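Worksheet for the structure shown next.
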Amino acid sequence: MSIITKLAIAAGLATALSTAAFAQADLSGKVIGFSQIGSESGWRAAETSVTRSEAEARGVDLKFADAQQKQENQIKAIRGFIAQGVDAILVAPVVATGWDDVLTEAKEAEIPVVLLDRGVDAPEDLYLTSIASDQVLEGRVAGEWLVDAVAGEDCNVVELQGTVGSSPAINRKQGFEEGIASASNIKITQSQTGDFTRAKGKEVMEAFLKSSNGGADICAVYAHNDDMAVGAIQAIKDAGLKPGTDIKVVSIDAVPDIFTAIAAGEANATVELTPNMAGPAFDALAAYWADGTEPEKFIITESKLYTAENDPQGEYERRKGLGY
Ligand code: AHR
């Protein structure tokens, strides 16, 4: 078992245990605002859906605000939640910077804030806890998978980055570079944002293919999420090449559609990101309200690698009803 697998299992176990310890606390009467980024990806849709059902299971009155990818809308929504006097605020921050003022306002109003799935560049005392994956590790797992997969052959990689300025785009880029650092045969030849969307992933991949001898000079695509990978797969097919064979595809999220692609041999690997960030968030809030227990500042979710060897059809079946 590789060290990464061991770390991922340990992190997953820790999360599962901490979740189990406070499972399904009754939060009836609590009003919690949730500032969601939008619906750019299947993963994001699942996170929204899981947050709603985790809230319902605990009796939380969830106030939902969709920011349509704009930080200004998130800031407006958070200010609205503060004005309403909610008991807590969940926020999935679209970008990493620019949060200090509004988080300070929440702190002054004594409303605990929990960050979901993305980090911020702000003082840690401005939020209660952050529930997210280790995004550098996610990129590293993807990079190390590629190192093994190409087994010393020369490999030009094109990279589809997430939203510019978002913590997953910054950290998954860094992690992948770390993962391939020991392999001088692997080079990132082109890297551009696809904004975490399927449509943009396809469009950017088309441009990469055009400028790389119709794709003949590309050995692999690394996408910061599965939706961009699915878009890239379509672009590769449209160019008359076989995704998964002519061009390897590795990405992050583990959404049902990528398992369909892996089962069909059109994608090679994905790193799982659980859409259940809200369960641990509600449990941390429940403990905090019960007796003042301060949660860990960073609650890290599991980052497990899946390939064709991990029953992709079964994984598809297990996830398909979760709101992706
Ligand atoms: O912050 C998590 C990322 O945001 C997911 O990997 C991506 O699909 C989403 O848009």
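Close amide H pairs (under 5 Å, H built 1.01 Å from N) link Leu90 with Gly33, Phe34, Ser35, Val114, residues at least 5 positions away or on another chain. Across the stretch 171-186, rounded Karplus estimates of 3J(HN,Hα) from the backbone phi angles (6.51 cos²θ - 1.76 cosθ + 1.60, θ = phi - 60°) give 6, 5, 5, 4, x, 5, 4, 5, x, 9, 4, 7, 10, 6, 6, 10 Hz, Gly and Pro being marked x. For the chain, dividing the convex hull volume of the Cα atoms by the residue count gives 120 Å³ per residue. Peptide packing for 308-321, 237-250 was compared via the average number of neighbouring C-beta atoms within 10 Å per residue; ordered from the highest value, the list is 237-250, 308-321. Derived scalar couplings between HN and Hα for the stretch 78-92 equal 5, 4, x, 4, 5, 4, 6, x, 4, 7, 7, 10, 9, 9, 9 Hz in order, rounded to whole Hz, by the Karplus curve 6.51 cos²θ - 1.76 cosθ + 1.60 (θ = phi - 60°), x for Gly and Pro.
Taking every DSSP bridge with both residues inside the chain, close to 5 percent are antiparallel. Taking the Cα atoms only, what angle lies between the long axis of helix 226-238 and the longest principal axis of the chain, rounded to 10 degrees? So the inclination is approximately 30 degrees. All other residues with a Cβ under 12 Å from the Cβ of Glu159 taken together, and with Lys, Arg as +1 and Asp, Glu as -1, what is their net charge? Value of the local net charge: +2. Where does the stretch 143-290 land on the Kirkwood hydrodynamic radius, alpha-carbon pairs, in angstrom? It works out to 15.7 Å.
In this structure the amide hydrogen of Thr193, modeled in the peptide plane, comes within under 5 Å of the amide hydrogens of Gln161, none closer than 5 places in sequence on its chain. Compared with the alpha-carbon gap, the fully stretched path from Asp311 to Ser191 is longer by 40.1 nm at 0.36 nm per residue. With Rh defined as the Kirkwood radius, the inverse of the mean 1/r over Cα pairs, the Rg/Rh of the stretch 155-228 is 0.96.
Between amide H atoms placed 1.01 Å from N, distances below 5 Å from Gly119 occur with Ser167, all of them 5 or more places distant or on a separate chain. The 3J(HN,Hα) values that the Karplus relation (6.51, -1.76, 1.60; θ = phi - 60°) gives for the stretch 205-211 are, in residue order, 5, 4, 5, 4, 5, 4, 8 Hz. Gly and Pro appear as x.
I need to check one value: relative contact order of the stretch 74-119, counting alpha carbon pairs closer than 8 Å and at least 6 residues apart, in percent.
49 percent
Restricting the calculation to Cα atoms, the stretch 120-181 shows an Rg/Rh of 1.10 when the hydrodynamic-style radius is the Kirkwood one. With just the Cα atoms defining each centre, how far is the stretch 153-222 from the stretch 86-103? Give it in Å. Using only Cα atoms, the two centres lie 29 Å from each other. In the chain, the longest principal axis of the Cα atoms and the axis of helix 42-58 are about 30 degrees apart. Helical runs (DSSP H, four residues minimum) scored at -39500 (n - 2.57) apiece and divided by the length of the chain put the mean residue ellipticity at 222 nm at -14000 deg cm²/dmol.
Since every read-out is calculated from the coordinates, none of them should be taken as a lab result. Every value quoted in this text rests on a predicted model; they were computed, and no experiment measured them. Heads up, the Cβs are rebuilt from the backbone with ideal geometry, glycines too, and the neighbour counts pull from every protein chain shown.
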